[in-house]
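Peer 1: My structure is below; once you've seen it, I'll send some questions.
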Amino acid sequence: MVSQARLVEIFSSIQGESELIGHRQIFLRFLGCNLRCDYCDTPETLSSSQSLPLCRIERTPGCGDFEYRENPLSLGDVREAVARLNQVCHHSVALTGGEPLLQADSIIALLPALRDLGLRVYLETNGSLPDRLDWVLEGIDIIGMDVKLPSVAGESAENLLERHQEFLARARCKELFVKIVVGDATPDAELEAAVRMVAEVDPALPITLQPVTPRGPAVYPPSGSRLLEMQALAQRHADTVRVIPQTHHLMGLL
Ligand code: SF4
């Protein structure tokens with residue numbers, strides 16, 4: 001069994017996106033991603049473990065007093081770091097990245113320790129690795145899956161809808177919701193195809209449309225009036241469609 005994990009950081013903060021917005025969570029940010037979204041707000045996760053030798057670990061929940069440990073971390077070190085942060089009440093532990101399912105074997109080994117700490121487990125994923133989901137599904141409580149649109153995420157997000165749908169079908173047995181990042185260049189047809197794909201799995205799955213946070217070349221959020229049009233379009237197919245920007249940056253949080 002795997003006894004190590006490659007991580008970027010471990011810290012306590014407030015969830016700033018999507019359905020769990022506002023909840024306090026312990027974040028385990030996994031290193032590595034199989035996509036290259038133009039708007040990626042965690043470019044450090046795209047490194048290989050060789051180019052990110054150290055993981056930063058917050059000592060006191062929410063204080064930003066980081067210490068550094070060599071990658072890969074032992075699962076014992078991860079457990080110890082999470083236990084230390086869990087001195088204050090947390091809603092759940094967020095497995096995020098990067099794409100955490102690239103390290104599904106490490107997650108399997110880590111899940112019992114997270115359970116022992118009394119934490120629910122939330123998986124934040126780009127929804128492109130449905131086979132890997134099966135490895136960890138039993139130990140996950142909540143899943144937030146991104147649907148990636150090429151108009152805003154770029155080339156690496158092309159032709160993902162089929163894989164996203166397979167992922168959703170497998171994840172449906174858990175508390176599940178979907179986030180779609182949209183930009184000013186997102187056409188109706190692309191958004192509608194994505195929402196229809198989700199609704200074919202289950203029209204009751206909650207969807208968040210997240211206006212892209214400007215980052216990198218030529219990626220801009222839709223105007224307010226355009227967001228209203230997008231929401232109306234999505235609501236033709238899905239029961240619950242909310243529009244929520246990233247909020248943790250507004251609060252000055254990680
Ligand atoms: S899937 Fe997430 S971590 Fe990976 S490149 Fe896209 S935004 Fe960044």
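The values are calculated or read from the model by the stated rules, or taken from the named source; none is laboratory data. Please read these numbers as outputs of a predicted model, since none were measured by experiment. Heads up, the Cβs are rebuilt from the backbone with ideal geometry, glycines too, and the neighbour counts pull from every protein chain shown. Ligands, DNA and RNA are excluded from the accessible area calculation, which covers all protein heavy atoms including side chains. Shrake-Rupley method; radii C 1.70, N 1.55, O 1.52, S 1.80 Å.
Peer 1: Within the range 172-200, which residues are touching a residue at least 60 places away in the same chain (Cβ under 8 Å) and either part of a helix (DSSP H, G or I) or farther than 20 Å from L123 by Cβ (or both)? Even if it seems obvious, please write down each step before you answer.
Peer 2: The initial filter retains those residues of the range 172-200 that are touching a residue at least 60 places away in the same chain (Cβ under 8 Å), namely 177, 179, 181, 183.
If the condition is that a residue be touching a residue at least 60 places away in the same chain (Cβ under 8 Å) and either part of a helix (DSSP H, G or I) or farther than 20 Å from L123 by Cβ (or both), then G183 is the only one that fits.
Peer 1: Out of (1) modelled with pLDDT of 95 or more; (2) more than 19 Å from T247 (Cα to Cα); (3) small (G, A, S); (4) open to solvent by 50 Å² or more (accessible area, probe 1.4 Å), what's the single condition that is false for S223?
Peer 2: The single condition S223 does not satisfy is (2).
Peer 1: Can you tell me how many residues within the range 1-31 are out of contact with any strand residue (DSSP E or B) (no Cβ under 9 Å at 6 or more places or on another chain) and open to solvent by 10 Å² or more (accessible area, probe 1.4 Å)?
Peer 2: Restricting attention to the range 1-31, the residues satisfying the condition of being out of contact with any strand residue (DSSP E or B) (no Cβ under 9 Å at 6 or more places or on another chain) are 1-2, 16.
This time we only want the ones that are open to solvent by 10 Å² or more (accessible area, probe 1.4 Å), so: 1-2.
Final tally of qualifying residues: 2.
Peer 1: Next question, about the same structure. Can you tell me which residues in the range 1-56 are touching a Phe, Trp or Tyr at 6+ places or on another chain (Cβ under 7 Å), of a type in the set (F, W, Y) and within 16 Å of the ligand (Cβ to nearest atom)?
Peer 2: F27
Peer 1: Counting only residues that are without any contact (Cβ under 8 Å) to a residue 40 or more places away in the chain, open to solvent by less than 70 Å² (accessible area, probe 1.4 Å) and in a loop (DSSP other than H, G, I, E, B), which one in the range 233-251 is nearest to L20 (Cα to Cα)?
Peer 2: Only one residue fits best here, namely P245.
Peer 1: Hey, another quick one. Tell me yes or no: at least one residue of the range 162-176 is within 16 Å of the ligand (Cβ to nearest atom), surrounded by fewer than 19 Cβ atoms within 10 Å (Cβ to Cβ) and at pLDDT 95 or above.
Peer 2: Yes, some residue in the range 162-176 is within 16 Å of the ligand (Cβ to nearest atom), surrounded by fewer than 19 Cβ atoms within 10 Å (Cβ to Cβ) and at pLDDT 95 or above.
Peer 1: Mind checking which residues of the range 128-159 are closer than 16 Å to V182 by Cβ and touching a helix residue (DSSP H, G or I) at 6+ places or on another chain (Cβ under 8 Å)?
Peer 2: Once the filter is applied, which keeps residues that are closer than 16 Å to V182 by Cβ and touching a helix residue (DSSP H, G or I) at 6+ places or on another chain (Cβ under 8 Å), the range 128-159 yields M145, V147, K148, L149, P150, S151, A157.
Peer 1: Show the residue pairs that are 6+ apart or on different chains and have beta-carbon atoms under 7 Å apart, the first residue being within the range 212-232 and in a loop (DSSP other than H, G, I, E, B), the second being open to solvent by 50 Å² or more (accessible area, probe 1.4 Å) and at pLDDT below 90.
Peer 2: As it stands, the answer is T213/D41; T213/H249; R215/D41; Y220/P214; P221/P214, since those pairs meet every condition given.
Peer 1: Report every pair of residues separated by at least 6 positions or lying on different chains whose Cβ atoms are under 6 Å apart, first residue within the range 97-121 and farther than 16 Å from R29 by Cα and open to solvent by 10 Å² or more (accessible area, probe 1.4 Å), second assigned to a helix (DSSP H, G or I) and within 16 Å of the ligand (Cβ to nearest atom).
Peer 2: Going by the 6 Å Cβ cut-off, there are no qualifying pairs.
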